[in-house]
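Worksheet for the structure shown next.
Values quoted throughout were computed directly from the atomic coordinates according to the rules given, and no laboratory measurement underlies them. Only a predicted model underlies this, so the values are computations on that prediction, with no experimental measurement involved. Heads up, the Cβs are rebuilt from the backbone with ideal geometry, glycines too, and the neighbour counts pull from every protein chain shown.
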Amino acid sequence: MIKNANELIIRATEGRVCMNRDDVSASLVFPIMKSMALGGYDWDSFCTFAGVDPGLFRSPDARIVQGDFDRIIMAAARYTGDDMFGLHQGQRMSLSDLGVLGYVMLHSKTLGKALSAYQKYNFIDCSGLNVGIEVHGTDVVISLFLGNSPGAPSRHFIEGTMASIYQALLALSCRALPLREVRFMHAPPSQTEEYEAVFGIMPKFHQQANSLQFSKEMLDYSIAGSDTRLLDVFQAMAEEVRAKLSSNHSELTSDLNKWIIECMPTHFPNLQEAAKAFLMSPRTLQSRLKAENTSYNRLANEVRKELAIRYLAQPEYTIGEIAYLLHFSEPSAFQTAFRKWTNSTPGEYRQRERKELSIHK
């Protein structure tokens, strides 16, 4: 049982998100909530059972230490009586459940690039959760490990995460994947039949790592999946930014703004890439922009700023996720840039906008 749920949360202080290397985003709890809802279980009743404050997860920027997250998922397994809770949760995963991450993965050209996006996301927004991607000969190994957290993560957490990675890759590629081995560090449960239904093969237990091993050809598989529910939300915001930045601008500037926005789901494009896309040298592009009293860096950062403002208006996205979407190396870099743009931190801006919205309701 978790004795004091309020101690689990690491709250944003003065608009800044506090992140440690052994904590994870509270958004990882949402798939647990979904699984329990699908099973007909009441979330508030479960929270009473587990000793968790239901309000803990209402803030998108809430964070919990890995050990407490493990206790929540193990409590969910006990509450539902499902000894394979983690595995079933991962199996039910859809790209929409991944939110910001799912959007970026859908825009990746190949599974290899989608996996890199997944790896970067976990480094930026989940801190304690790390994903390794290594090529060994003709195979690629995707491994999961938890930063500096003491003790091994629960079986339910590991199995749920590994199953969700596999389901995401299947949804993105829309084809069978050459999965060669599944390895778990933990001991097998009493019943193992369901693993084969999820992965297509029986995992190996008592291994030195938690990993999925594929033929490395899968890295080059094209992204074929789509999720209109996920794409429509982000594309609507991108169109708002494009329309705002294109008004009262030259054709070149408007076209550049549109091109930068189209690149943003997967990367933050630089001057050299822009010049190549517009069939001119970087020097020529800069000269033409200078004649219009602007520069490429200014245009690119205007796109970042306007997208940031719209993302912050969506309460379900964490500041870490927004930093990831805008291709900052870490949330603190986003904090610094946003303060330069608006004289406030992302957290302060979000709180102010919420207050103004409530006043006008």
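A Förster radius of 22 Å, combined with the Cβ-Cβ distance separating LYS290 from GLU262, puts the computed FRET efficiency at roughly 0.40.
Annotation: extensible slack from LYS276 through LEU170 equals 34.8 nm (criterion: 0.36 nm per residue apart, minus Cα-Cα distance).
Would you work out which of PRO178, SER27, THR110 lies farthest towards the positive end of the dipole of segment 5-220? Charges go on Cβ: Lys and Arg +1, Asp and Glu -1. Going by the Cα projections, it comes out as THR110. Computed over the chain, the per-residue total of -39500 (n - 2.57) for DSSP H runs of n ≥ 4 gives a 222 nm mean residue ellipticity of -15500 deg cm²/dmol, rounded to 500. Distance between the C-alpha centers of segment 181-248 and segment 297-361? Whole Å please. A separation of 27 Å, based on Cα centres. Using only Cα atoms and rounding to the nearest 10 degrees, what angle (0 to 90) does helix 296-312 make with the longest principal axis of the chain? Here the helix axis deviates by roughly 50 degrees. If a/c stays under 1.5 just call it rounded; otherwise compare a/b with b/c (prolate if a/b is bigger, oblate if not). Do that for segment 75-221, with a ≥ b ≥ c from the square roots of the Cα gyration tensor eigenvalues. It comes out rounded by the Cα gyration axes.
Calculated FRET efficiency, ALA187 to PHE123, Cβ-Cβ distance, R0 = 25 Å: about 0.30 to the nearest 0.05. Length gained on full extension, ASN130 to ILE359, computed as 0.36 nm times the residue gap minus the Cα-Cα distance: 78.3 nm. The dipole here belongs to segment 228-360: it is taken about the Cα centre, uses +1 on the Cβ of Lys and Arg and -1 on the Cβ of Asp and Glu, and is about 380 debye.
Once the Cα-Cα distance is subtracted from the 0.36 nm per residue extended length, the ARG339 to ASN301 segment shows a gain of 12.4 nm. Classify segment 160-244 from the C-alpha gyration tensor, please: rounded if a/c falls under 1.5, else prolate or oblate depending on whether a/b exceeds b/c. Because a/c hits 1.5 or more and a/b exceeds b/c, segment 160-244 counts as prolate. Once the Cβ-Cβ distance of THR48 and SER254 is raised to the sixth power relative to R0 = 51 Å, the FRET efficiency obtained is 0.40.
Farthest towards the positive end of the charge dipole of segment 228-360, among the residues PRO282, ILE260, MET237, is the Cα of PRO282, using unit charges on the Cβ of Lys, Arg, Asp and Glu.
Roughly how big is the chain's charge dipole about its Cα centre, with Cβ charges of +1 (Lys, Arg) and -1 (Asp, Glu), in debye to the nearest 20?
Around 1080 debye, computed over the chain.
Only Cα pairs under 8 Å and 6+ residues apart enter the sum, and on that basis the relative contact order of the chain stands at 18 percent. When a/c is below 1.5 the answer is rounded, else prolate if a/b is larger than b/c, else oblate, so apply that to segment 228-360 with a ≥ b ≥ c taken from the square roots of the Cα gyration tensor eigenvalues. Because a/c hits 1.5 or more and a/b exceeds b/c, segment 228-360 counts as prolate.
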